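Notes follow the structure.
The values are calculated or read from the model by the stated rules, or taken from the named source; none is laboratory data. Just so we're clear, the structure is a prediction, and the values are computed from it rather than from any experiment. For neighbour counting, all protein chains shown are included, and Cβ atoms are generated from backbone atoms with ideal geometry for every residue, glycine included. Surface areas here come from the heavy atoms of the whole protein model, side chains and all, with no ligands, DNA or RNA. Shrake-Rupley method; radii C 1.70, N 1.55, O 1.52, S 1.80 Å.
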Amino acid sequence: MAPLKVGIAGLGTVGAEVVRLIEEQGRLLSARSGRGIRVVAVTARSKVKKRGVNLRGIEWAKSPLALATDPNVDCFVELMGGSGDPAFSAIEAALKAGKSVVTANKALIARHGIRLAKAAEKHGGTLNFEAAVAGGIPIIKTLREGLAGTTVNRVYGILNGTCNYILSRMEQEGLTFAECLKDAQRLGYAEANPSFDVDGHDTAQKLAILASLAFGTKVSQSAIYVEGISSIKPEDLRAAEELGYRVKLLGVAVRTAKGIEQRVHPTMVPKSSSIAQVMGVTNAVTIDGEGIPPITLVGPGAGGAATAASVIADIADIARGVHTTPFGRPVEKLRETKKAPMERHEGGYYIRLMARDVAGTAAKIATHLAKEKISLESIVQRHPDGIDPTGAGKSSPMPIILITYATHEDAVRRALAAVQHDKIINGKPQVIRIEKN
Ligand code: HSE
């Protein structure tokens, strides 16, 4: 069989690594996919930039669109990124020309995945995006194919290496959020705009894709409640540790009676859980399937080699003629996402309040919680470090840490609004949701 002819748009770290690996592992790849794979054309912003890969004999296309519609290309690989053009138009044009497409672009799939899947179906091509979520972890294939016979009830994970790196270092070294973010940037983990990572949007885009695959719903980023990690303090991580938890930024999609709940927020997970063991930039995804114990996949969420390996696996599938619908079922069979409102979220909560040290404060807090029928699993009040034993520091605020039994989000919000209204605490309450395994 003639080799599969590949065109690659975007020669950053991942693109260059894909070219290098296809060149280096040509024989292995053709043995595994029953067909040779050859990069015939590429394009990128700069033609002269040194990339450390051999581009001799490879045509340079004048634009992504020209590459996408080049009759000499069977498989268009988009590694430019960005949720709009030129990536979107190039992919759509390639699909309309009946080609297969591989992309690592989470922003684009989260935003236009359904439209592009429709184009793939209509014109008989394939749209593969393994590298778009959790880089080197084969989570798309696992949900789409490996678990085709399983009803998924919940999928959740650590989908952003930058946030996990920051939280891990804050916990292990007692550093502040700002200090750890600076290091993440220095080491090249954080995106150009760190708010995309630390405010949870990167995780949300990945979660939107996973939720669609897990529940057979249309990708819908707007259905996701998003909260980032910038308000987390070292004292929260210390308290979590003492209470038997770790704090992770999780993306969680769960089937509930009210619809699919999709949320991204700092989360307390039991220290004994698989997900709690995942430290540093590593990613992990846990799938709770009906009637089976949870499955957790752990691995690199980013990086040239790991992401390129996923891109190549997608290309290999196309070479061997594997044809799957992009979201695991035809687009017309995907349901609209029935969004479960965050206000009705049910679970346990960690609440840290900086309470004013005056008589009656604790009683007032307890009253507001009781009014909302919030039951407490534990309550800890401690002197802030370095308090003056003479009592002169008496008026400095005291951290009160509450762990609730399962309750509703709106009850917690109402109770805390009432506490704030009473002016018995300093600043805003810190709230971290608890996720049990
Ligand atoms: N900035 C992302 C992360 C890279 O930290 O995980 C992969 O999307």
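Structural remarks
- Neighbours by Cβ (under 7 Å, 6+ apart or cross-chain): first from region 292-303, more than 15 Å from Met279 (Cβ to Cβ) and outside the structural domain of Thr282 (by TED's automatic domain parsing); second open to solvent by 70 Å² or more (accessible area, probe 1.4 Å) and part of a loop (DSSP other than H, G, I, E, B): none
- Residue in region 327-341 that is surrounded by fewer than 17 Cβ atoms within 10 Å (Cβ to Cβ), modelled with pLDDT of 90 or more and more than 24 Å from Lys141 (Cα to Cα) present: yes
- Matching strands (runs of 3 or more DSSP E) fully within region 245-323 where at least 1 residues are of a type outside the set (D, E, K, R) and surrounded by 24 or more Cβ atoms within 10 Å (Cβ to Cβ): 245-256, 259-270, 283-289
- Failed item, numbered, when Met1 is tested on (1) at pLDDT 95 or above; (2) under 17 Å from Ile315 (Cβ atoms); (3) open to solvent by 50 Å² or more (accessible area, probe 1.4 Å); (4) among the hydrophobic types (A, V, I, L, M, F, W, C): (1)
- When residues in region 173-206 are screened for being polar (S, T, N, Q) and free of Cβ contacts under 8 Å to residues at least 60 places away in the same chain, 4 of them pass.
- Annotation: of all residues in region 52-100 being among the polar types (S, T, N, Q) and surrounded by fewer than 17 Cβ atoms within 10 Å (Cβ to Cβ), the one that is nearest to His112 (Cα to Cα) is Ser83.
- Which numbered condition Glu23 misses (of (1) open to solvent by 50 Å² or more (accessible area, probe 1.4 Å); (2) acidic (Asp, Glu); (3) assigned to a loop (DSSP other than H, G, I, E, B)): (3)
- In the set Lys394, Lys373, only one residue is at pLDDT 95 or above and either among the polar types (S, T, N, Q) or loosely packed, with under 13 Cβ neighbours inside 10 Å (or both); that residue is Lys373.
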